[in-house]
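Visitor: I'd like to ask you about the structure that follows.
Every read-out reported here was derived from the displayed coordinates using simple, explicitly stated rules and does not represent laboratory data. Small disclaimer: the values here were computed from a predicted structure and weren't measured. Cβ placement follows ideal geometry from the backbone for every residue including glycine, while neighbour counts extend to all protein chains displayed.
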Amino acid sequence: MDFELTNDQQELRDAVRAVLATACPPSMVRQVYESKADDGASRAAPLWRQMVQLDWPALTIPEPFGGLGLGYVELAVVVEELGRAVAPTPFVSTATQFVPMVRQAGTSEQQDTFLRPVAEAGSTGTLALAEDDGRWEAASVATTARPVGDSWVLDGKKSFVFDGATADEVAVVARQEGTSGDEGLGVFVVAQASLTSRPADVIDPSQPLAEVLLDNVAVPADRMLVAPGDPRAVETINRAIQEATAAIAIGMTGTCRAIFEITLQYAKDREQYGRPIGSFQALKHRLVDMYLAVERATSLAYFAALTIAEDDERRGLAVAMAKAAAGDCQRLVVQDGLQLHGGVGFTWEHDLHFYLKRAKSANALFGSALMQRAAIVSRLGLVLDEPAGSEAP
Amino acid sequence: MRLSFDRSVEGFRQTFLAWLADNRPSPEEMAADPALSSGHAPPWARRWTRTMFDAGWLVPGWPPERGGRNASPLEQLVYLEEMARADVPRSTNPQGLGIIAPSILDYGSEEQIGSYAMPILRGERTGCLGMSEPGAGSDLAALSTRAVLDGDQFVINGQKVWTSGANHADFCFLFCRTDPSAAKHKGISVVLVDIDTPGVSVRPLPELVAPEYPELNEVFFTDVVVPAANLVGTLNDGWAMANGSLAHERGMVWVSSVMALDASMRHMLDAAPGWLSKLRSGERAVAAAMVADLYVDTQAVRCLGYRGFGKLMRGGSAPEQALMKLFSSETRQRLGLVAAEVEGAASVTVSPQGARGPFLAVDEASTWMEQYFRSFGLTISAGSSEIQRNIIAEKVLGLPRS
């Protein structure tokens, strides 16, 4: 039992941090913020190329498919640092959403087809799961899959898809017509060229989202990862959702830590009444509470990472707790971080808002703290009259 | 990073559990004759502490001659978790075992080790900590109890307050002022005072819950004479020991806080369906969310403790440790608060047999409301939550002093 990073993991963290310090300063995030939506992706492209050269996307891809075969804790280390730098990069969608889904669901041939390009050539991918109701759960999927000969035809609309307008490959969760709940679910990989995507106008342009329209899109059988009706579908999809959700929580803790550190530095530097404002007890206590919230969330984020890495049976509960705690954390650090900065934090020119907006967005996506808390209630058996239906992922 | 334990640590756990099953006092025996305060050791507790000492299970991290077996930090963690799970105290005098004995072993003379520290470890004597005074609470260094060196003896005059277990303890590990002209941190010494020394009088201060079982006391010292040889460590160097004793207290004490919190959470989860069944669906959703929040907190406290522990094991410093007292005590308090609130009208009933036993113990006999009130013992003592925040702000976050 050890909740501290190993030396190798520590070195990975230092390396990622060093790279991001030069390749992803706030000025670079600002360029993305101040570009037009389609231009933003090109501003972020050099960072992605550098990450590919450093083999980061290959981290958790199994070695037979060109990856490094490392575990979820290593992935968590990278994701936390990316959150800390509010990095505009398709890493989260590719490495924490697309890769886990293909790894969980794909045959060896399919993993080789879809993961090797990620590992070796920086191809990108994402997961199209949620729809208009903003729920990242299998049971809520309405998009349909209809068999036509050897292929399948997908029809529906996906929303809030991370990098959905730019990802080379999109893993789509759909269901057989006429099914509901956990029945009839399947997973397909659709190439960007085969679908219509529309970038969403979002408050955090450093993490682009898109609508993905599937208008009678034909998908050949070799792009079907899980056949609709396969009994292992829900478990497979839920595992992928857990990996993706934990990654959002971990990235959020990184972003929240950055907000806390920036605010702490400001409290030391800013002087009023002839002394640093951080010497006032009213501010000290709030800063300690922010620090505690960040440590609380980080502890649960790494617990979730460990349960995934070791396939511990507590993983579902651990992921819900991690995302809930990260949500609680952002609520406090965004609130107090902005408030303690005073007027300057309220301006566009100050970099603080990049972090605030990332934290708020991350809470709202992949199940907010409110939804996670409800999932915890359910997992603890505190729901006495639960209507028949789906189980939380 | 990993969740599971090494096979060797699991082996250690099995060895201990087997020994514990064969030797532990029975719950009936413990309940029939409970410790009346943290300075009281009933006969079963004296026998049990001695049994643990002799078998090397009292302080496993120490060498055999001091009641241990040179266990590794991870083994000590497993040991403390299993002790808490078994719901058996190592000693009913936790401040004696956790703070006073280690401090005397570190700073005391051979005679003091022989007559004060080892008897605590063998379950023969109990000690209390004379720290706070009416004018020196959070600001401990302002203490004014005076010890004047007169030849080969000290003459002590003054008053302590909030002294846990002084009503039953055999002796006091007393912080007193020995140089009133020095700066306040620099004129403090520690003297060992037997409670039955003439001039020492103890007046219990019944608490707001269960006043029939007082834990806290006022202790008055009027021309109390003790041998100069009772000075622990160096004259006027007691402040280092105040910090040192707190370090002993914080070293592994988080494990028992975490385990106590876990036990309370389990009791709450056991009770919750009964409470929720009496609520309407809208009320139930609100109540269940409150319970879930606390569950997240209790798990976070444990994981935060493990993170700090991981750093300490590597020999580094662990800022997480500074947060543990604050976080665990406030979570414990919220737990009592929420449980009593969700319980509703029934929460106002006092427990039939009264809340018994040491102040800080998990006490299933107490109602949630009583546990809530008692939890203030955790957020006020040993550095209140407000003082903890000041300390963390300055020592960990590096904010300037006010």
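Visitor: Amide H of A:VAL190: which non-local residues (sequence gap of 5 or more, or other chain) have their own amide H closer than 5 Å, using H built in the peptide plane?
Guide: Counting only residues 5 or more places away or on other chains, the set is A:VAL170, A:ALA171, A:VAL172.
Visitor: Something else now. Report P(r) for the range B:195-326: all Cα-Cα distances, bin width 5 Å, range 0 to the bin holding the largest distance, values in whole percent.
Guide: The distribution over the range B:195-326 is 2, 8, 10, 10, 12, 13, 12, 11, 9, 6, 3, 2, 1, 0, given as percents.
Visitor: What average count of beta carbons from other chains do you get within 10 Å of the Cβ of residues in A:265-271?
Guide: Working: counts 1, 0, 4, 4, 0, 0, 0.
The per-residue average across the peptide is 1.
Visitor: Show me, for the range A:240-255, the HN-Hα J-couplings you get by feeding each phi into the Karplus relation (A = 6.51, B = -1.76, C = 1.60, θ = phi - 60°), rounded to Hz, glycine and proline as x.
Guide: Along the range A:240-255, the couplings run 5, 5, 4, 4, 5, 5, 4, 5, 4, 4, 5, x, 4, 5, x, 5 Hz.
Visitor: Separate question: Could you identify which residue out of B:GLU110, B:GLU341, B:GLU81 has the top mean-square fluctuation in a GNM of chain B using Cα springs shorter than 10 Å?
Guide: B:GLU110
Visitor: How high is the relative contact order of the range A:234-379? Use alpha-carbon pairs under 8 Å, at least six apart in sequence, and give a whole percent.
Guide: On the way: 171 pairs, mean separation 47.2, N = 146.
Over the range A:234-379, the number comes to 32 percent.
Visitor: What residue among B:THR222, B:THR178, B:THR331 has the largest mean-square fluctuation in a Gaussian network model of chain B, using Cα springs under 10 Å?
Guide: Among B:THR222, B:THR178, B:THR331, the largest GNM mean-square fluctuation belongs to B:THR222.
Visitor: To one decimal place, what orientation-averaged projected area in nm² is obtained for the convex hull of the Cα set of the range B:7-92?
Guide: Values: hull surface 21.8 nm².
Result: a mean projected hull area of 5.5 nm².
Visitor: Further question on the same structure: I need two numbers for the range B:241-396: Rg to one decimal and Dmax as a whole number, Cα atoms only, in Å.
Guide: 16.9, 55
Visitor: Then there is this: Check which residues have an amide H placed less than 5 Å from A:THR196's amide H, if you skip close sequence neighbours.
Guide: A:LEU213, A:ASP215
Visitor: Would you tell me the mean number of C-beta atoms belonging to other protein chains that fall within 10 Å of each C-beta in B:387-398, as a whole number? Spell out each step's value before the answer.
Guide: Working: counts 0, 2, 9, 4, 1, 7, 12, 4, 0, 2, 11, 4.
Mean shielding by partner chains, rounded to a whole number: 5.
Visitor: Picking from B:ILE188, B:ILE387, B:ILE100, which is most flexible by a Gaussian network model of chain B using Cα springs under 10 Å?
Guide: With Cα springs under 10 Å in chain B, the top fluctuation among B:ILE188, B:ILE387, B:ILE100 is at B:ILE387.
Visitor: Counting pairs of Cα atoms in the range A:316-371, how many percent are more than 12 Å apart? Walk me through the numbers on the way to the answer.
Guide: Numbers: 999 of 1540 pairs.
So the pairs more than 12 Å apart make up 65 percent of the total in the range A:316-371.
Visitor: Return the sequence-ordered ³J(HN,Hα) values of the range A:114-127 in whole Hz as given by the Karplus equation 6.51 cos²θ - 1.76 cosθ + 1.60 applied to θ = phi - 60°, using x for Gly and Pro.
Guide: Result, ordered by residue: 9, 8, 4, x, 5, 5, 9, 10, x, 4, 10, x, 8, 10 Hz.
Visitor: Continuing with this model, one more query. When every alpha-carbon pair in chain A is counted, what percent end up more than 35 Å apart? Please list the in-between numbers first.
Guide: Values: 18328 of 77028 pairs.
Everything past 35 Å amounts to 24 percent.
Visitor: State the Kirkwood hydrodynamic radius of the range B:127-235 in Å, one decimal place, computed from all pairs of distinct Cα atoms. If you can, show how the numbers build up before the last one.
Guide: Values: mean 1/r = 0.0718 Å⁻¹.
For the range B:127-235, the Kirkwood estimate is 13.9 Å.
Visitor: Sticking with this structure for a sec: In Å, what is the Rg of the alpha-carbon atoms in the range A:234-379, and how long is Dmax?
Guide: Radius of gyration, then largest Cα-Cα span, for the range A:234-379: 16.8, 61 Å.
Visitor: Still on this structure, please answer the following. Averaging over every viewing direction, what projected area does the convex hull of the Cα atoms of the range A:127-230 cover, in nm²? Please list the in-between numbers first.
Guide: Numbers: hull surface 24.4 nm².
With the hull built on Cα positions only, its mean projection is 6.1 nm².
Visitor: Enter the angle in degrees (range 0 to 90, nearest 10) between the Cα long axis of helix A:281-309 and the first principal axis of the Cα atoms of chain A, meaning the one along which they spread out most.
Guide: On a 0 to 90 degree scale, this one is about 30.
Visitor: Percent of Cα-Cα pairs per 10 Å bin, from 0 to the last occupied bin, for chain B, please list those.
Guide: Per 10 Å bin, starting at 0, the Cα pair percentages come out as 5, 21, 31, 27, 13, 3, 1, 0.
Visitor: For the pairs B:LYS184/B:LYS311; A:LYS360/B:LYS278; B:LYS186/B:LYS395; A:LYS323/B:LYS311, note any where the Cα-Cα span goes beyond 29 Å.
Guide: Working: B:LYS184/B:LYS311 34 Å; A:LYS360/B:LYS278 36 Å; B:LYS186/B:LYS395 21 Å; A:LYS323/B:LYS311 24 Å.
Cα-Cα > 29 Å for B:LYS184/B:LYS311; A:LYS360/B:LYS278; rest within.
Visitor: Compute the convex hull volume of the Cα atoms of the range A:7-122, divide it by the residue count, and report the result per residue in Å³ as a whole number.
Guide: Working: hull volume 10.8 nm³, N = 116.
Taking only Cα atoms, the range A:7-122 has a hull volume of 93 Å³ per residue.
Visitor: For B:ALA142, what charge total do you get from the other residues with a beta carbon under 15 Å from its beta carbon, if Lys and Arg give +1 and Asp and Glu give -1? Intermediate results must be reported in sequence, preceding the final value.
Guide: Working: positive: B:ARG146, B:LYS160, B:ARG177, B:LYS184, B:LYS186; negative: B:GLU133, B:ASP139, B:ASP179.
Local net charge: +2.
Visitor: Then there is this: What's the ranking of A:88-94, A:191-197 by average number of surrounding C-beta atoms within 10 Å, highest first?
Guide: Numbers: A:88-94: 26.3, A:191-197: 14.7.
Highest mean packing first, the order is A:88-94, A:191-197.
Visitor: Give a residue-ordered list of calculated ³J(HN,Hα) values for the range A:151-160 (Karplus: 6.51 cos²θ - 1.76 cosθ + 1.60, θ = phi - 60°; whole Hz; x for Gly, Pro).
Guide: Once θ is set to phi - 60°, the couplings for the range A:151-160 become 9, 10, 10, 9, 9, x, 9, 9, 10, 6 Hz.
Visitor: Based on the mean of other Cβ atoms within 10 Å per residue, sort peptides A:59-65, A:366-372, B:29-35 so the most packed one is first.
Guide: Details: A:59-65: 19.4, A:366-372: 22.1, B:29-35: 15.7.
My ranking of the peptides, most packed first, is A:366-372, A:59-65, B:29-35.
Visitor: Could you work out the mean count of beta carbons from other protein chains within 10 Å of each residue's beta carbon in A:1-11? Don't skip to the answer; put the middle values down first.
Guide: Numbers: counts 13, 13, 15, 12, 5, 2, 1, 0, 1, 1, 0.
Other-chain Cβ atoms within 10 Å of each residue's Cβ, averaged: 6.
Visitor: Given a Förster distance of 41 angstrom, what is the FRET efficiency for A:SER35 paired with A:LEU380, based on the Cβ-Cβ distance and rounded to 0.05? Present the calculation step by step, with values, prior to reporting the outcome.
Guide: Working: r = 45 Å, r/R0 = 1.11.
Taking R0 as 41 Å, the efficiency between A:SER35 and A:LEU380 is 0.35.
Visitor: Binned at 20 Å from 0, what are the whole-percent values of the Cα-Cα distance distribution for the protein assembly as shown, short to long?
Guide: With a bin width of 20 Å, the distribution comes to 15, 42, 30, 12, 1, 0.
Visitor: Quick one: divide the alpha-carbon radius of gyration of the range B:186-233 by 2.2 N^0.38 Å and tell me what you get.
Guide: On the way: Rg = 14.1 Å, N = 48, 2.2 N^0.38 = 9.6 Å.
My calculation over the Cα atoms of the range B:186-233 gives 1.47.
Visitor: Mind checking Rg over Rh on the range B:251-305, alpha carbons, Kirkwood formula for Rh? Before the final figure, lay out each step's value.
Guide: On the way: Rg = 13.4 Å, Rh = 12.2 Å.
That ratio is 1.10, to two decimals.
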